[in-house]
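A short worksheet on the structure shown next.
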Amino acid sequence: MKMSELLKDVEVLQTVGSTDVEVQSIQFDSRRVGSGDVFVAQRGTTVDGHTFIAQCVEKGAKAVVLEDSTYLPGELKMKNEELRIASQDTTYILVRSSDEALGRMAHTWYGEPSKHLHLVGVTGTNGKTTTATLLYRLTRALGHKAGLLSTVINYVDDQPVEATHTTPDALELNALLARMVSAGCEYAFMEVSSHAIAQERIAGLQFAGALFTNLTRDNLPKTSFAVTNLDDKNGLIMTQNCRGHVFTYSTRSMADFRGKILEEGFDGMLLRIQSTQGAVDTEVFVPLVGRFNVSNLLLICGAAVELGFDPMEVLRVLSSLHPVNGRFETIHAPQGWTAIIDYAHTPDAVENVLRTINEIVSSTAAKQQQPAQVITVVGCGGNRDKGKRPMMARIAYDLSTTLILTSDNPRDEEPAAILQDMAAGLTEDELRHTLIIEDRASAIKTACTLARKGDVILVAGKGHEDYQIIKGVKHHFDDHEVVKQCLSV
């Protein structure tokens, strides 16, 4: 593709050299640059790609896209005269943002795939994976080909593709979308992390819809829709600049889509779902649990209706969908206790899950001969926000009968130091009533040993993950496997 065509949607501030040149591929990793490629120099969190421009020129880069003008020819310090001469055959394009340019160039390179799909982005603090995954399953159950981009796994129609990030880099993202188009997909559902938005990985994409969103307005044309949460104080703020049609959902107040829990147990809940337009007004049983999942289901229902699916068919399929792996996943023990595996790894998520568990325990208390315990096993990841550690311990202690603090993914940190940070959220007396067991398998097994008939164990933090990272080494570890080992004991 010619560089001039590749730059058609990019705001160019200055060009040195000709853009009437063919490039072989787009690269942002200097190690992958070959002869004839265009290198996009990005400022990373630890490494500045601009410092590798000379190296990429030496390897034969046909063009360089950059945002730091001090690296333009004349300012660029070459290692030798031969390289300086070679640099004269390289085109330099100065842009406002290399991140944004990469996203737009990647979209063009892969044939603008988002324009050939009904692409729906899902963003927010919690619920992205459940919402995107259930929408993907729903759409396929209704007879349409669809793709999924999620934290757990990606799908090109029915073909799984391993997921490495919540949102892939711009090149990988557009390559996956292009594969979906080639496979005949009509729809694509995509988790969009705030990190990916900040890094402009979604630059250039055209969304048909955005769900509880802080996607930039450039990604949402007037023909698009946005569905946002009225129960969240930031819900309408997120869509105040949206050019598309905004719809709302709520479990507490008047909204375009409303839901109410009529009955609830650990195997599902009976809901009443209504829409102001009268398209939906019915009761439905779903094999999902918790007010947060009511919100997710309203979001899914709203999005599906806005995509043009028949409302009653949507509800019929929703009643048969099952939880996403590691999201409030229930395991019933022969001994009569219940374990919940959940990915909750933020204070808000832990609180949501525990409040749901306590509500169900309270509603079934009359059937129990003795009060049910809520036993929580929770840890915090290393090399992440330390401020949430004492908060998570505090919330878990307040909403549990028994609390066990343990390791999550310590990564490069000492597990004991992470546990000490969590323990700082509790008083000395509370710590005397808290178990601290560094080894996660031992912590889960201890919880299972303590559980009696009617009790509930929450194993929080890892959900679908089947590994632990300790001192930079990835070890196999699956919460499900450990719990199931305890079932026959």
Task: Cys residues of the chain counted as unpaired, since no other Cys beta-carbon is under 4.7 Å - done: Cys56, Cys185, Cys242, Cys301, Cys380
TODO: Would you tell me the accessible area of Glu186, worked out with a 1.4 angstrom probe on the heavy atoms of the protein chains, in Å² to the nearest 10?
DONE: 80 Å²
TODO: Give me the accessible area of Arg394, 1.4 Å probe, in Å² rounded to the nearest 10.
DONE: 70 Å²
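Ignoring ligands, DNA and RNA, what percent of the 1.4 Å accessible area of the chain is carbon and sulfur?
Working: 10110 of 21400 Å².
That fraction is 47 percent.
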Open item on the list: Which one, Asn296, Ile93, Leu271, is farthest towards the positive end of the dipole of the chain when Lys and Arg carry +1 and Asp and Glu -1 on their Cβ?
Closed with: Leu271
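For the chain, what is the accessible area per residue in Å² when the probe is 1.4 Å?
Working: 21400 Å² over 489 residues.
That works out to 44 Å² per residue.
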Open item on the list: What does the C-alpha gyration tensor say about the overall shape of the stretch 202-306? Classify as rounded when a/c is under 1.5, otherwise prolate if a/b is larger than b/c, or oblate.
Closed with: prolate
Open item on the list: As I understand it, the dipole of the stretch 131-274 uses +1 on the Cβ of Lys and Arg and -1 on the Cβ of Asp and Glu, about the Cα centre. Which of Phe212, Tyr136, Ala188 lies farthest toward its positive end?
Closed with: Phe212
Task: Set of aspartates and glutamates with alpha-carbon distance to Lys260 below 14 Å, sequence-local pairs under 8 removed - done: Asp231, Asp281, Glu283
Open item on the list: At 1.4 Å probe size, what's the solvent-accessible area of Ser319? Round to the nearest 10 Å².
Closed with: 50 Å²
TODO: Classify the stretch 419-489 as rounded, prolate or oblate, taking a ≥ b ≥ c as the square roots of the eigenvalues of its Cα gyration tensor: rounded when a/c is under 1.5, otherwise prolate if a/b is larger than b/c and oblate if not.
DONE: oblate
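So in the stretch 393-489, what percent of DSSP beta bridges are antiparallel if you round to the nearest 5?
On the way: 4 of 8 bridges.
Of the beta bridges lying entirely in the stretch 393-489, close to 50 percent run antiparallel.
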Open item on the list: Please state the shape class of the chain: rounded when a/c is under 1.5, otherwise prolate if a/b exceeds b/c and oblate if not, all from the C-alpha gyration tensor.
Closed with: oblate
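The values are calculated or read from the model by the stated rules, or taken from the named source; none is laboratory data. Given the structure is predicted, the values throughout are model-derived calculations rather than measurements. Cβ sites come from the backbone with ideal geometry, for glycine too, and all protein chains shown count toward neighbours. Only protein heavy atoms, including side chains, enter the accessible area calculation; ligands, DNA and RNA are left aside. Shrake-Rupley method; radii C 1.70, N 1.55, O 1.52, S 1.80 Å.
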